[in-house]
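Engineer: One structure, pasted below without further comment.
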Amino acid sequence: MKTFDYVRAASPEEAAELFAARPGARYLGGGTNLVDLMKLGVEQPDALVDVSRLPLDEVEELPDGSLRVGATVRNSDLAAHPAVRERYPVLSQALLAGASGQLRNAATTGGNLLQRTRCPYFQDISKPCNKRAPGSGCGAREGVHRDHAVLGHSPHCIATHPSDMAVALAALDARVELYGTEGARSVPVADFVRLPGEHPERDTEIAPGELVTGVLLPAAGAGLPSAYRKARDRASYAFALASVAVVLRVTDGVVDQAGIAFGALAHRPWRARRAEQALLGAAPTQAAFEHAVDLELSAAEPLRDNAYKVPLARSLAVDVLTRLARAAGA
Amino acid sequence: MSGSNDPGSTCSETTLTVNGKPHTLLVDHRRVLLDVLREDLELWGARKGCDHGQCGACTVLVDGRRVNSCLLLAVALDGSEVRTVEGLAGDGEDLHPLQQAFLDRDAFQCGYCTPGQLCSALGMLDEAAAGHPSRVTTDVPAGRPVPLDRDEIRERLSGNLCRCGAYPRIVDAVEDVIP
Ligand SMILES: Cc1cc2nc3c(=O)[nH]c(=O)nc-3n(C[C@H](O)[C@H](O)[C@H](O)COP(=O)(O)OP(=O)(O)OC[C@H]3O[C@@H](n4cnc5c(N)ncnc54)[C@H](O)[C@@H]3O)c2cc1C
Ligand code: SF4
Ligand code: FES
Ligand code: FES
């Protein structure tokens, strides 16, 4: 690992200034992804601006019923927070399905959202990878790609976004709050994480030096039946092969609100808008769920070794939808 | 702001209280807590298994919370309290009750993973008592202590691999110390 400068910021404003004054800087959250990638030589920062102790460690209930999660709230504390457990169970479940107790104690909300792909070619600097070294090619496309994308991939990159938390955030219509020297803005999580297109080196819409300050959970999803389900190679402590987050409201025997997002199928948490559209106004039956999910997954373009993901994601989604509908008394 | 004032510096003075004893060290920014513990402070209990957060052998408690010391930059922990397996027993001859339970239950074979298992289990017991749920928790109201059955213990200790497969006895030992 090469040497680097280290500074700890006391406020978001100071963090952005310290970052701007240091070419080649990276923000440091819990470090559970960044330090790993520095050991592998994938990340080679000249400076770290430590934002892990910024006073953004609160979960705040806003007057309009929404919930603001600070960027430095640790994954374990967020999963345990009473307001999250009671009002957004899908988020608590997604967090608890990820990583291990130790990692969740260190990992921050901001860092989780911005964690890099687990594609083995991305992590191995001796291999070609358009995301790490633009123009070098994609090692995974003809290589080992059992864990890779089936939706929204491009000839340049077939990687998936590894976060479980982000899948729940996408289903909940959460927004990422950003702060930079140009000011503050907010972007829906589902659009914040990008599709690879011709620029797989850009994971998200974040601008250089911009800081994630928090995540906003809208009141609209609060208290609705919601759940997360994840399939993986072992029962715990492994990334998803496919996962689904669902928020569902059934009123008078018909679905009148649905948020469905898939994990591990694409370069971003995949918001299943076609399936949601198909469900609105429909009776919450297994047949309706199967039809809606099939509509969504008909866009899948599996690769040589990952076609199994399509039926896997289908059964996860239909199962969660059916369970939630039952819980809603339908 | 704290850390280095002159951009381009590569080391910072860092204070860590380890098992109750303060240490002020000039730390190369690249050093993770695990390396400081093992190489600078000669505390060899925390193990370097994978060095990538994948095995839990390096687990220690920082400010009372269990973490993977292989992924934490030491400089970022300035001012923290660290507890390692060496700090679990009291000053006398007595082992910590969990250490004694591991002996009584024969909860290890080679012992490589044991320091991490012990620190992880201690952190986990506090988390459950503080009402932190796990993936398998059902029907426990938010904020209430979570009762630990074997499934809960297994899930909560899934971040600690044991290549000898001592898992059933590790669960036995942890069950012995549940208050
Ligand atoms: C063995 C292992 C298993 C794992 N399993 C899972 C799993 O099953 N599911 C899952 O979802 N995750 C899993 N993870 C990943 C883990 O969730 C992430 O490493 C963690 O969430 C990253 O958070 P962090 O705070 O440590 O980020 P860091 O490592 O500190 O940062 C990650 C990135 O975000 C940037 N960053 C951090 N904070 C900010 C901010 N506030 N503003 C702007 N940029 C910022 C950093 O510059 C860096 O690029 C696993 C990790 C390991 C090592
Ligand atoms: S899938 Fe993306 S991250 Fe993986 S090798 Fe190809 S370009 Fe790199
Ligand atoms: S050595 Fe830290 S998790 Fe394996
Ligand atoms: S006792 Fe040998 S690795 Fe656990």
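The values are calculated or read from the model by the stated rules, or taken from the named source; none is laboratory data. Computed from a predicted model, the values in this text were never measured in an experiment. Positions of Cβ are generated from backbone atoms using ideal geometry, with glycine treated the same way; all protein chains shown enter the neighbour counts. What goes into the accessible areas is simple: the full protein's heavy atoms, side chains included, and nothing from ligands, DNA or RNA. Shrake-Rupley method; radii C 1.70, N 1.55, O 1.52, S 1.80 Å.
Engineer: Rounding to the nearest 10 and keeping the result within 0 to 90°, find how far the Cα-based axis of helix B:114-129 lies from the longest principal axis of chain B.
Structural biologist: 70
Engineer: What is segment A:224-327's relative contact order, in percent, from Cα pairs under 8 angstrom and six or more apart in sequence?
Structural biologist: Numbers: 175 pairs, mean separation 27.6, N = 104.
Relative contact order here is 27 percent.
Engineer: Now, a different point. Kindly give Rg over Rh for segment B:41-179, based on alpha-carbon atoms, with the Kirkwood expression for the hydrodynamic radius.
Structural biologist: Taking Rh as the inverse mean 1/r over Cα pairs, Rg/Rh reads 0.95.
Engineer: Helix-only mean residue ellipticity at 222 nm, chain B, DSSP H runs n ≥ 4 weighted -39,500 (n - 2.57), per residue, nearest 500. What is it? All intermediate terms of the calculation are to be shown ahead of the outcome.
Structural biologist: Values: 4 runs with 43 residues, N = 179.
The helix-only estimate for chain B comes to -7000 deg cm²/dmol at 222 nm.
Engineer: Right, another one. Quick one: angle between helix A:309-327 and the longest Cα principal axis of chain A, in degrees between 0 and 90, rounded to 10, please.
Structural biologist: Tilt of helix A:309-327: around 60 degrees.
Engineer: So for segment A:178-289, what percent of the C-alpha to C-alpha distances run longer than 19 Å? Working shown, then result.
Structural biologist: Working: 3691 of 6216 pairs.
Looking at segment A:178-289, the distances longer than 19 Å represent 59 percent of pairs.
Engineer: Among the aspartates and glutamates, select those whose C-alpha is under 13 Å from the C-alpha of A:Lys127, and discard any that sit fewer than 8 residues away in the same chain.
Structural biologist: A:Glu142
Engineer: Now, a different point. Convex hull over the Cα atoms of segment A:224-327, averaged projected area in nm²? Can you show the working numbers first?
Structural biologist: Values: hull surface 26.2 nm².
For the Cα atoms of segment A:224-327, the hull's average projected area reads 6.5 nm².
Engineer: Still on this structure, I have one more. Write down, largest first, the equivalent ellipsoid semi-axes of segment B:48-112 in whole Å, where each equals the square root of 5 times an eigenvalue of the alpha-carbon gyration tensor. Present the calculation step by step, with values, prior to reporting the outcome.
Structural biologist: Values: eigenvalues 115, 60, 12 Å².
Equivalent-ellipsoid dimensions as semi-axes: 24, 17, 8 Å.
Engineer: I want to check the label-to-label distance for A:Arg202 and A:Arg326. Put each point 7 Å from Cα in the C-beta direction and report it in nm to one decimal.
Structural biologist: Calculated label separation equals 4.5 nm.
Engineer: What value does segment A:116-201 have for Rg/Rh, both radii from Cα atoms and Rh as Kirkwood defines it?
Structural biologist: Details: Rg = 14.6 Å, Rh = 14.2 Å.
Checking Rg against Rh, the ratio lands at 1.03.
Engineer: Taking only protein heavy atoms and a 1.4 Å probe, what accessible area per residue, in Å², does segment B:13-105 have with all protein chains in place?
Structural biologist: Working: 4090 Å² over 93 residues.
Per-residue value: 44 Å².
Engineer: Let me ask you something else. Lysines near A:Lys309 by alpha-carbon distance under 18 Å, same-chain residues fewer than 8 away left out - which ones?
Structural biologist: Straight-distance partners of A:Lys309: A:Lys230.
Engineer: Still on this model: What net charge is computed for the residues neighbouring A:Pro155, neighbours being all others with C-beta under 10 Å from the C-beta of A:Pro155, Lys and Arg scored +1, Asp and Glu -1?
Structural biologist: On the way: positive: A:Arg141; negative: A:Glu198.
Local charge sum for A:Pro155: 0.
Engineer: Another question, if that's okay. Roll a 1.4 angstrom probe over the protein heavy atoms and tell me the percent of accessible area of the protein assembly as shown that is carbon or sulfur.
Structural biologist: Numbers: 10220 of 20530 Å².
Carbon-and-sulfur percentage of accessible area, whole number: 50.
Engineer: Using all alpha carbons of the protein assembly as shown, what is the percent of pairwise distances in each 10 Å bin, ordered from the shortest bin to the longest?
Structural biologist: In order of increasing distance, the bins hold 4, 19, 29, 27, 16, 5, 1 percent.
Engineer: Taking only the alpha carbons of segment B:97-177, what extent do you get along each of the three principal axes, in Å, biggest first?
Structural biologist: 39, 23, 16
Engineer: In addition: May I ask you to rank B:Lys48, A:Lys230 by accessible area, largest first, using a 1.4 Å probe over the protein chains only? Don't jump to the answer; show the numbers that get you there.
Structural biologist: Details: B:Lys48 75, A:Lys230 35 Å².
Solvent-accessible surface, decreasing: B:Lys48, A:Lys230.
Engineer: Estimate for me the total accessible surface buried between chains A and B (protein heavy atoms, probe 1.4 Å, no ligands or nucleic acids), in Å² to the nearest 100.
Structural biologist: Working: alone 14130 and 10070 Å², together 20530 Å².
In total, chains A and B hide about 3700 Å² from solvent.
Engineer: Another question, then. Measure off 7 Å from each Cα along the Cα-to-Cβ vector at A:Ala20 and A:Ser126, then give the distance between these two points in nanometres to one decimal.
Structural biologist: Result: 4.3 nm between the two label points.
Engineer: How do A:Met1, A:Met165 stack up against each other in accessible area, from largest to smallest, with a 1.4 angstrom probe?
Structural biologist: Details: A:Met1 90, A:Met165 5 Å².
Per-residue accessible area, sorted high to low, gives A:Met1, A:Met165.
Engineer: If you don't mind, there's one more thing I want to ask. Take the Cα atoms of segment B:11-87, build their convex hull, and give its volume per residue in Å³.
Structural biologist: Residue-normalised Cα hull volume stands at 73 Å³.
Engineer: What list of ³J(HN,Hα) values in whole Hz, one per residue of segment B:161-175 in order, does the Karplus curve 6.51 cos²θ - 1.76 cosθ + 1.60 (θ = phi - 60°) give from phi, with Gly and Pro shown as x?
Structural biologist: Here the 3J(HN,Hα) series is 7, 10, 6, 7, x, 7, 3, x, 7, 5, 5, 4, 5, 5, 4 Hz.
Engineer: Further, regarding this structure: Just reorder B:His52, A:His199, A:His156, A:His161 by solvent-accessible area, largest first, 1.4 Å probe, all chains present.
Structural biologist: Details: B:His52 45, A:His199 90, A:His156 70, A:His161 15 Å².
Result of the area sort, largest leading: A:His199, A:His156, B:His52, A:His161.
Engineer: Do you know which residues of segment A:5-24 lose at least 50 square angstrom of accessible area in the protein assembly compared with their chain on its own, with a 1.4 angstrom probe?
Structural biologist: Hits at the 50 Å² cut-off: A:Asp5, A:Tyr6, A:Arg8.
Engineer: Which of the aspartates and glutamates could be linked to B:Lys21 by a straight reach, that is with a Cα gap under 15 Å, when you skip same-chain ones fewer than 8 residues away?
Structural biologist: B:Asp40, B:Glu42, B:Asp63, B:Asp78, B:Glu81, B:Glu86, B:Asp91
Engineer: By how many nm would the segment from A:Gln286 to A:Arg146 lengthen if fully extended, with 0.36 nm per residue of separation less the alpha-carbon distance? Intermediate values should be presented prior to the final figure.
Structural biologist: Working: separation 140, 0.36 × 140 = 50.40 nm, distance 2.90 nm.
Taking A:Gln286 through A:Arg146 to full extension adds about 47.5 nm, to one decimal.
Engineer: When Lys and Arg each count +1 and Asp and Glu each count -1, what net charge do the other residues less than 13 Å away from A:Pro302, Cβ to Cβ, add up to? If you can, show how the numbers build up before the last one.
Structural biologist: Values: positive: A:Arg141, A:Arg146, A:Arg304, A:Lys309, A:Arg314; negative: A:Asp147, A:Glu301, A:Asp305.
Once all neighbours under 13 Å are counted, the net charge is +2.
Engineer: Follow-up. Sum up the charges of everything whose Cβ sits under 10 Å from the Cβ of A:Phe239, counting Lys and Arg as +1 and Asp and Glu as -1, but leave A:Phe239 out.
Structural biologist: Counting the neighbours of A:Phe239, the net charge comes to 0.
Engineer: So, one more: Can you classify segment A:1-52 as rounded, prolate or oblate using the Cα gyration tensor, where a ≥ b ≥ c are the square roots of its eigenvalues, rounded means a/c under 1.5, and otherwise it's prolate if a/b beats b/c and oblate if not? List each step's numbers first, then the result.
Structural biologist: Details: a/c = 2.69, a/b = 1.58, b/c = 1.70.
Oblate.
Engineer: Would you grab the residues whose amide H sits under 5 Å from the one on B:Val60? Only those 5+ places off in sequence or on another chain, please, with H modelled 1.01 Å from N.
Structural biologist: B:Val67, B:Ser69
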